[in-house]
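The values are calculated or read from the model by the stated rules, or taken from the named source; none is laboratory data. All of these numbers come straight from a predicted model, not from anything done at the bench. FYI the Cβ positions are ideal-geometry reconstructions off the backbone, even for glycines, and counts take in every protein chain you see. Accessible surface is based on the protein model in full, side chains and every heavy atom, while ligands, DNA and RNA are left aside. Shrake-Rupley method; radii C 1.70, N 1.55, O 1.52, S 1.80 Å.
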Amino acid sequence: MNSGIGRASCSALLCVFSLIGASATGQMSSGGLSGVVVDEAGVPVAGAEIELLGGGLRTTSAADGSFALSDIAPGSYTVHVRARQRDTVVLEDVRIVSGEATDLRRVALIATALDMGDVIVTATRNEREILDISNAVNTVPRLEIDRRMVKTSAEALREETGVFVQKTSHGGGSVILRGLSSNQILILVDGIRLNNSTYRLGNHQYLTTVDHHMLEGIEVVRGPASVLYGSDAMGGTINLITARPEASPDMPALNLKASGQYASADGELGGRVEGRLQRAVLSLLAGVSFKDFGDLRRGRRSFHRQLENATDGIYQRPSGYRTSSFDAKLVAKVSRDRDLIVAYQGSRQGDVPRYDKYENNGYTQWLYDPQERDLAYLAYEHRAVWRATLSFHRQQEGRKIQRATGDPVTRENDETRTWGASLQLNPTFGDHLLTAGGEFYHDDVASDRYWQDTTTGEREAAPRGRYPDGARYTSTGLFAQDEIALGDAWVTTLGLRYSYFHTRFSLPPDSIAPDAGDVDQSFQALTGSLGLVFRVTETFALNANVGQAFRAPNLSDMSKLGESKGDTYEVPNPDLEPEQMLSADLGCKLMGARLELSGSVYASRITDLIASADATFNGSPTIEIGDQTFKVKSKQNTGTAKLYGAELSGTWDFRGNYSLHGQMTTTYGQNTTLGEPVGGVPPTFGILGVKWENARYDGDLYSRMATKQTRLSSDDLDDPRIPEGGTPGWAILSLRGGVRVTPAFELRAAVENIFDLNYREHGSGINGPGRNLVLGFQVQAN
């Protein structure tokens with residue numbers, strides 16, 4: 001979906017929703033809604049959120065607790081009123097009359113330990129208060145994603161406790177959790193696996209193919225989650241939850257929303273147009289997003305010569321690219337608590353430069369083209385009882401590679417089609433809440449490679465692509481978890497999962513890969529977990545976990561043939577064993593009215609760790625391809641590794657509308673078999689800031705920082721993205737804020753990296769943005 005197609009889709013979407021709106025609402029004049037939010041003592045509550053379901057409008061209460069919404073179509077609505085540390089009040093059948101303002105008078109909110117952002121689904125596959133689960137978790141609601149003014153879903157996570165984001169290129173964004181990354185982290189979209197059998201162990205850009213504009217929120221579970229989600233959920237699990245339209249009780253409600261953003265460091269121009277049509281039975285949400293990024297400018301103030309290798313002075317060229325996305329979700333209300341959901345998501349990226357290949361290796365071109373993703377799923381749910389899902393996921397990644405002008409262009413194209421099915425049951429027996437079910441995913445892989453003469457245009461087909469063409473990979477899992485309430489203060493969670501994997505592919509003889517013939521491999525694993533929560537008070541809890549995790553070797557591990565980082569070339573190794581992990585952690589969570597704290601310490605032991613290591617081809621440690629000499633590597637079980645770490649975060653409302661927030665994460669990893677650090681482990685990193693907010697304005701002055709990382713594995717030392725001697729430490733200061741001009745119109749601005757520092761996040765192939773002015777807006781209409 002390139003820019004021309006995108007503009008046409010955008011225009012068509014606006015036209016369709018405008019016509020629907022005209023037919024649904026006609027020429028009816030609007031009404032209003034007002035009131036005052038107070039606490040149980042009658043004291044005004046400032047900053048409470050008032051949301052009109054079905055009308056698509058929301059506002060916040062002023063210092064005196066008052067609020068007002070206008071331009072509301074006549075009809076009957078449900079109104080949600082909520083605030084931090086208070087129970088949400090749901091007002092049903094609120095009548096809006098044409099030409100009148102409906103006065104709700106005083107809405108009283110009762111104090112509670114439950115915050116509006118303190119419910120999470122991913123950790124247990126059920127809605128739970130954060131204090132009642134044993135896992136270390138993060139929740140990033142839609143409001144926070146907007147306020148961070150990010151470019152991608154990956155960037156939306158970089159301020160979270162325990163979450164480090166690496167970027168090989170401007171279009172990249174790979175998360176590291178508890179010292180593990182890439183396919184050792186499981187990514188879900190609405191609970192459906194984004195990971196497939198060709199996800200590489202090296203850092204990647206797959207997370208950025210999920211448009212952050214369509215998300216309702218992001219949930220992160222730090223630590224193993226293999227019992228509930230199977231392979232790859234070792235370092236943690238990320239669940240990208242997309243927005244969902246809700247039914248409007250009595251009449252159609254149409255809401256249109258548009259947003260846009262500009263950034264100076266790369267000339268970003270991006271935006272989204274979406275519409276919601278909400279009826280009593282059928283509700284539809286659809287949107288189109290566009291992003292155009294130019295070449296990224298690094299900071300001018302530099303203290304490290306090894307970070308001054310940009311291809312064009314302070315400009316990192318080429319690094320710009322374009323992307324477009326479309327999504328739609330239809331919800332049919334079968335009954336009061338049963339819904340049928342049909343959803344589609346599409347993402348298109350083209351000519352995305354892998355910048356490190358230009359800066360470090362002098363390539364004429366190294367582009368991801370195309371980078372596409374399509375997800376369609378059908379779900380039927382009986383809320384809190386059971387849910388069944390059928391899904392189809394297509395992910396395509398192409399590469400366009402040319403070392404020097406005049407050389408033939410190497411074109412590679414890989415497409416993975418994944419069929420999925422899952423069933424989850426949630427029966428309750430006394431003090432036991434059981435979560436049980438099964439999952440099935442099947443991948444069909446198509447892969448090819450050819451060389452094209454730049455003068456004649458003639459093509460020469462390669463014997464094989466990056467992966468074996470026609471490869472198949474199937475995973476099946478059965479799981480059960482029991483949450484047991486032991487009195488009023490204790491909750492224990494026991495879980496067990498059986499997983500089975502099967503793959504079949506061929507490694508044909510050619511001039512590069514040895515002939516392994518037909519490969520028929522299967523793996524299985526039985527994993528368990530135990531979690532414990534002790535509620536010391538209503539607002540303070542202690543927690544502990546012991547859990548197993550695993551990762552079955554995938555097609556990228558066993559069969560990849562092609563260029564990797566720097567001047568390395570990976571060859572297949574089908575004789576791999578699954579990674580196994582045993583992990584334990586202790587933590588505490590405090591969620592008071594003015595103070596919130598969360599801390600965790602953990603230790604993990606991984607056996608049969610899979611990592612990139614030196615290999616040979618026909619007895620030689622190097623391989624000649626054209627005029628280029630590559631170092632040969634393959635994925636190997638490199639032995640036993642140990643990881644230790646600590647994570648701490650907190651927020652303190654110290655004066656009126658002011659709050660202090662911060663987080664810090666440190667990780668230590670050692671491969672005890674090789675006697676060297678575990679590769680890719682980030683340095684100690686964190687954030688510290690001061691926020692200010694009232695009913696109309698908000699601001700945040702904050703600093704992100706990381707220490708120097710000099711603990712490098714032998715594979716890290718071969719990685720030209722990591723400067724010689726390690727990645728230098730850094731700290732940048734930024735300021736951002738917004739103003740709600742009206743309940744339906746908001747302006748936002750930020751100045752990132754105020755002092756224009758030249759820095760690089762560890763493991764990244766591109767430096768961070770220099771001083772960056774970001775401007776954005778959001779407007780909605782009924």
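Within segment 56-74, restricting attention to residues that are among the β-branched types (Val, Ile, Thr) and under 17 Å from Asp103 (Cβ atoms), which residue is modelled with the highest pLDDT?
Here the answer is Ile72.
Can you name the residue in segment 275-304 that is charged (D, E, K, R) and at pLDDT below 95 and, of all such residues, is most open to solvent (accessible area, probe 1.4 Å)? Break it down stepwise before answering.
Just the residues of segment 275-304 that are charged (D, E, K, R), to begin with: 276, 279, 291-292, 295, 297-298, 300-301.
If we keep only those that are at pLDDT below 95 too, we end up with 276, 279.
Working: Arg276: 42, Arg279: 94 Å².
My answer is Arg279.
Tell me which of these Leu486 doesn't satisfy, since it passes every other one: (1) touching a residue at least 12 places away in the same chain (Cβ under 8 Å); (2) over 30 Å from Ser226 (Cβ atoms); (3) surrounded by fewer than 19 Cβ atoms within 10 Å (Cβ to Cβ); (4) of a type outside the set (Phe, Trp, Tyr).
Result: Leu486 fails condition (2) only.
Criterion first (without any contact (Cβ under 8 Å) to a residue 60 or more places away in the chain and either more than 21 Å from His212 (Cα to Cα) or not aromatic (Phe, Trp, Tyr) (or both)) does Val352 satisfy it?
Numbers: without any contact (Cβ under 8 Å) to a residue 60 or more places away in the chain: no; either more than 21 Å from His212 (Cα to Cα) or not aromatic (Phe, Trp, Tyr) (or both): yes.
No.
Do you know which of the residues in segment 605-635 that are open to solvent by 20 Å² or more (accessible area, probe 1.4 Å), at pLDDT 95 or above and not in a loop (DSSP other than H, G, I, E, B) is nearest to Glu579 (Cα to Cα)?
By that ranking, first place goes to Thr607.
Being under 27 Å from the mean Cα position of the chain (by Cα) and in contact (Cβ under 8 Å) with a residue 60 or more places away in the chain is the filter here; which residues of segment 669-701 pass it?
Matches in segment 669-701: Gly669, Val678, Gly679, Gly680, Val681, Pro682, Pro683, Phe685, Ile687, Glu693, Asp698, Asp700.
Look at segment 218-244 and say how many of its residues are farther than 23 Å from Leu582 by Cα and touching an Asp or Glu at 6+ places or on another chain (Cβ under 6 Å).
So the answer is 3.
Identify, by number, the condition in (1) under 26 Å from Glu752 (Cα atoms); (2) surrounded by 22 or more Cβ atoms within 10 Å (Cβ to Cβ) that Asp327 doesn't meet.
The number of the failed condition is (1).
A quick yes/no check of all residues on (1) at pLDDT 95 or above; (2) in contact with a Gly (Cβ under 9 Å, 6 or more places away or on another chain); (3) farther than 24 Å from Pro574 by Cα; (4) not β-branched (Val, Ile, Thr):
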position: Arg387; (1), (2), (3), (4): yes, yes, yes, yes
position: Phe392; (1), (2), (3), (4): yes, yes, yes, yes
position: Arg411; (1), (2), (3), (4): yes, yes, yes, yes
position: His432; (1), (2), (3), (4): no, no, yes, yes
position: Thr456; (1), (2), (3), (4): no, no, yes, no
position: Thr474; (1), (2), (3), (4): yes, no, no, no
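Take segment 451-499 and flag every residue that is assigned to a loop (DSSP other than H, G, I, E, B) and in contact with a helix residue (DSSP H, G or I) (Cβ under 7 Å, 6 or more places away or on another chain).
At the first step, the residues of segment 451-499 found to be assigned to a loop (DSSP other than H, G, I, E, B) are 453-458, 462-471, 487-489.
Matches in segment 451-499: Tyr467, Pro468, Ala471.
Just to be sure, is Leu256 in contact with a Ser or Thr (Cβ under 9 Å, 6 or more places away or on another chain) and open to solvent by 10 Å² or more (accessible area, probe 1.4 Å)?
Here the answer is yes, as Leu256 does meet what is asked.
Under 6 Å between Cβ atoms, at least 6 apart or on separate chains: pull out the pairs that start in segment 327-343 with a residue that is without any contact (Cβ under 8 Å) to a residue 60 or more places away in the chain and end on any residue that is in a strand (DSSP E or B) and among the aromatic types (Phe, Trp, Tyr).
Ala328/Tyr344; Leu340/Tyr380
Taking segment 347-392 only, how many residues are more than 30 Å from Glu246 (Cα to Cα), of a type in the set (Gly, Ala, Ser) and not in a strand (DSSP E or B)? It would help to see each step written out before you state the result.
The initial filter retains those residues of segment 347-392 that are more than 30 Å from Glu246 (Cα to Cα), namely 349-371.
Okay, now just the ones that are also of a type in the set (Gly, Ala, Ser), so 350, 362.
After this cut, where a residue has to be not in a strand (DSSP E or B) as well, the list is 362.
Within segment 347-392, residues that are more than 30 Å from Glu246 (Cα to Cα), of a type in the set (Gly, Ala, Ser) and not in a strand (DSSP E or B) number 1.
Looking for something surrounded by fewer than 19 Cβ atoms within 10 Å (Cβ to Cβ), of a type in the set (Asp, Glu), under 26 Å from Ala258 (Cβ atoms) and in contact (Cβ under 8 Å) with a residue 40 or more places away in the chain - is there at least one such residue anywhere in segment 73-94?
The answer is no, given that none of the residues of segment 73-94 is surrounded by fewer than 19 Cβ atoms within 10 Å (Cβ to Cβ), of a type in the set (Asp, Glu), under 26 Å from Ala258 (Cβ atoms) and in contact (Cβ under 8 Å) with a residue 40 or more places away in the chain.
Can you tell me which condition His382 does not meet? The list is (1) crowded, with 18+ Cβ neighbours inside 10 Å; (2) more than 30 Å from Gln452 (Cβ to Cβ); (3) not aromatic (Phe, Trp, Tyr), and all the others hold.
Status for His382: all satisfied but (1).
Go through the residues of segment 213-223 one by one and say whether even a single one is in contact with a strand residue (DSSP E or B) (Cβ under 9 Å, 6 or more places away or on another chain), farther than 27 Å from Trp366 by Cα, part of a helix (DSSP H, G or I) and β-branched (Val, Ile, Thr). Talk me through it step by step, then tell me what you get.
First pass over segment 213-223, keeping only residues in contact with a strand residue (DSSP E or B) (Cβ under 9 Å, 6 or more places away or on another chain): 213-223.
Going one step further and asking which of them are farther than 27 Å from Trp366 by Cα, we end up with 213-223.
Adding the requirement that they be part of a helix (DSSP H, G or I) leaves 213-214.
Of the ones still in play, those that are also β-branched (Val, Ile, Thr) are none.
No, the conditions are met nowhere in segment 213-223.
Which condition breaks for Glu752 when tested against (1) within 25 Å of the chain's Cα centre (by Cα); (2) closer than 30 Å to Gln278 by Cα?
The single condition Glu752 does not satisfy is (2).
As an exercise: evaluate Leu254 against (1) touching an Asp or Glu at 6+ places or on another chain (Cβ under 6 Å); (2) within 30 Å of Arg338 (Cα to Cα); (3) among the hydrophobic types (A, V, I, L, M, F, W, C) and give the number of the one condition it does not meet.
Every condition holds for Leu254 apart from (1).
How about segment 494-536: which of its residues are among the β-branched types (Val, Ile, Thr) and modelled with pLDDT of 95 or more?
Just the residues of segment 494-536 that are among the β-branched types (Val, Ile, Thr), to begin with: 503, 512, 519, 527, 533, 536.
Thr503, Thr527, Val533, Val536, listed by residue number.
Return only the number of the condition from (1) surrounded by 15 or more Cβ atoms within 10 Å (Cβ to Cβ); (2) within 30 Å of the chain's Cα centre (by Cα); (3) of a type outside the set (D, E, K, R) that Gln524 does not satisfy.
Just one mismatch for Gln524, condition (1).
Only one of (1) modelled with pLDDT under 75; (2) closer than 29 Å to Val739 by Cα fails for Ala24. Which number is that?
(2)
Scan segment 535-578 for residues that are among the acidic types (Asp, Glu) and either free of Cβ contacts under 8 Å to residues at least 24 places away in the same chain or open to solvent by less than 20 Å² (accessible area, probe 1.4 Å) (or both) and jot them down. So that I can check it myself, show each step before the final result.
Restricting attention to segment 535-578, the residues satisfying the condition of being among the acidic types (Asp, Glu) are 538, 557, 563, 567, 570, 575, 577.
Across segment 535-578, the qualifying residues are Asp557, Glu570, Asp575.
Would you check if there is a residue in segment 113-126 being open to solvent by 30 Å² or more (accessible area, probe 1.4 Å), at pLDDT 85 or above and closer than 24 Å to Gly65 by Cβ?
There is no residue in segment 113-126 that is open to solvent by 30 Å² or more (accessible area, probe 1.4 Å), at pLDDT 85 or above and closer than 24 Å to Gly65 by Cβ.
Out of all the residues in segment 34-60, which are on the phi < 0 side of the Ramachandran plot and assigned to a loop (DSSP other than H, G, I, E, B)?
Glu40, Ala41, Val43, Val45, Ala46, Ala48, Gly55
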